[in-house]
1. Can you tell me which residue is nearest to residue 7 (Cα to Cα) among those in the range 164-202 that are without any contact (Cβ under 8 Å) to a residue 60 or more places away in the chain and among the β-branched types (Val, Ile, Thr)?
2. Only one of 15, 49, 64 is within 14 Å of residue 225 (Cβ to Cβ), touching an Asp or Glu at 6+ places or on another chain (Cβ under 9 Å) and among the hydroxyl-bearing types (Ser, Thr, Tyr). Can you tell me which?
3. Residue by residue through the range 111-156, note down the ones that are closer than 22 Å to residue 217 by Cα, among the polar types (S, T, N, Q) and in contact (Cβ under 8 Å) with a residue 60 or more places away in the chain.
4. Consider residue 161 carefully, then state whether it is touching a residue at least 60 places away in the same chain (Cβ under 8 Å), part of a loop (DSSP other than H, G, I, E, B) and either exposed (fewer than 13 other Cβ atoms within 10 Å of the Cβ) or among the polar types (S, T, N, Q) (or both).
5. Residues that are open to solvent by less than 10 Å² (accessible area, probe 1.4 Å): find the strands (runs of 3 or more DSSP E) completely inside the range 2-80 holding 2 or more of those.
6. Which ones in the range 137-158 are over 25 Å from residue 64 (Cα atoms), open to solvent by 40 Å² or more (accessible area, probe 1.4 Å) and either of a type in the set (Gly, Ala, Ser) or touching a strand residue (DSSP E or B) at 6+ places or on another chain (Cβ under 9 Å) (or both)?
Amino acid sequence: MLFRQLFDQNTGTYTYLIADSKSKDAVIVDPVVEQVERDRKLIDELGLTLRYCLETHIHADHITGTAKLRELTGCHGVVPEKANAACANCFIRDGETLQIGDVYIQAIATPGHTDSHVAYLVNDTQLLTGDALFIRGCGRTDFQSGDAGTLYDSVTQRLFTLPDDTLVYPGHDYRGHTVSTIGEEKQWNPRFIGRTRDGFIEFMDNLNLPNPQKIMEAVPANERCGNVAVAV
C-alpha cells in the first residue's frame, strides 16, 4: 500500500493519498481546492489512477478539491451518508467498505462535529479521523448540527474501542503533530481524559471559538462538492 500525508498550511488541513501498489488505483481523502495541482502532480509522478475523492464531512474551513479533481481525472466523489451534498457520485454508509486492489477502507460513523461525519479505517491499521478526533484534541461542535454529547459517544464508543496500536491520522493539526495512536489518545488527550460525558458537553459548550474564516463560502461550496459557482 502507498500512503501519503499532505498538508495545507493556510487551514491546517491534512489530505491523504492512498493507493494499491499493484493496481496503482488510488483514493484521496479531504482534498483542498488550492492544493489540487500539487495533488494531481504527485498522482501523475507516482503513476496512479485516481478512482475516488472521499470526504470525512462537509467542511467549514476550506473548499474541497473534489470538483476540480473529478473534472481532471474522472474520479468519483464520495461523501458520508446523510450529508447534504446531492452532487456526490455516491454516499458511503457506516460499516461500508471501499476496496481498491488489496486496500480496504471502512467507513466508521463518527457524528458530533457534524451530523454526518465519518472516519476511515484503512486496512485495519491506519485511522483517518477527520475532525472527530485530533492529536490531543477534537473538532468543535457548535455549528453544522454539531453535538458535543454525540461526539463524545463517537470517540469513546467507536474510536477508542479500536486496538491501541491503531495509527491516528487527523483531519487537522495546528501544533506540528502528524500521527498518533489510539492508545496515546486514550491516555493523553485532554479533551477526554477524566471527563464524563456531561463534563465534556459543558467543556465544549464553553469554548466560545470564532467561526472559521471561510465558513460562509466553504459550506455552500462543499455542499456542491467544491463547485464555487452558484447553482441556477
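The values are calculated or read from the model by the stated rules, or taken from the named source; none is laboratory data. As the structure is a prediction and not an experimental result, all values here were calculated from the model. Virtual Cβ from ideal backbone geometry, glycine too; neighbours counted across all protein chains shown. Accessible surface is based on the protein model in full, side chains and every heavy atom, while ligands, DNA and RNA are left aside. Shrake-Rupley method; radii C 1.70, N 1.55, O 1.52, S 1.80 Å.
1. The qualifying residue nearest to residue 7 (Cα to Cα) is 168.
2. On the way: 15 fails: within 14 Å of residue 225 (Cβ to Cβ); 49 fails: within 14 Å of residue 225 (Cβ to Cβ).
Just one listed residue meets the conditions, 64.
3. Across the range 111-156, the qualifying residues are 141, 144.
4. Details: touching a residue at least 60 places away in the same chain (Cβ under 8 Å): no; part of a loop (DSSP other than H, G, I, E, B): yes; either exposed (fewer than 13 other Cβ atoms within 10 Å of the Cβ) or among the polar types (S, T, N, Q) (or both): yes.
Criteria not met by residue 161.
5. 13-19, 25-29, 49-54, 76-80
6. Across the range 137-158, the qualifying residue is only 158.
Residue-by-condition table, conditions (1) of a type in the set (A, V, I, L, M); (2) under 16 Å from the mean Cα position of the chain (by Cα); (3) under 10 Å from residue 117 (Cα atoms):
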residue: 57; (1), (2), (3): no, yes, yes
residue: 61; (1), (2), (3): no, yes, no
residue: 67; (1), (2), (3): yes, no, no
residue: 71; (1), (2), (3): no, no, no
residue: 79; (1), (2), (3): yes, yes, yes
residue: 82; (1), (2), (3): no, yes, yes
residue: 86; (1), (2), (3): yes, no, no
residue: 90; (1), (2), (3): no, no, no
residue: 99; (1), (2), (3): no, no, no
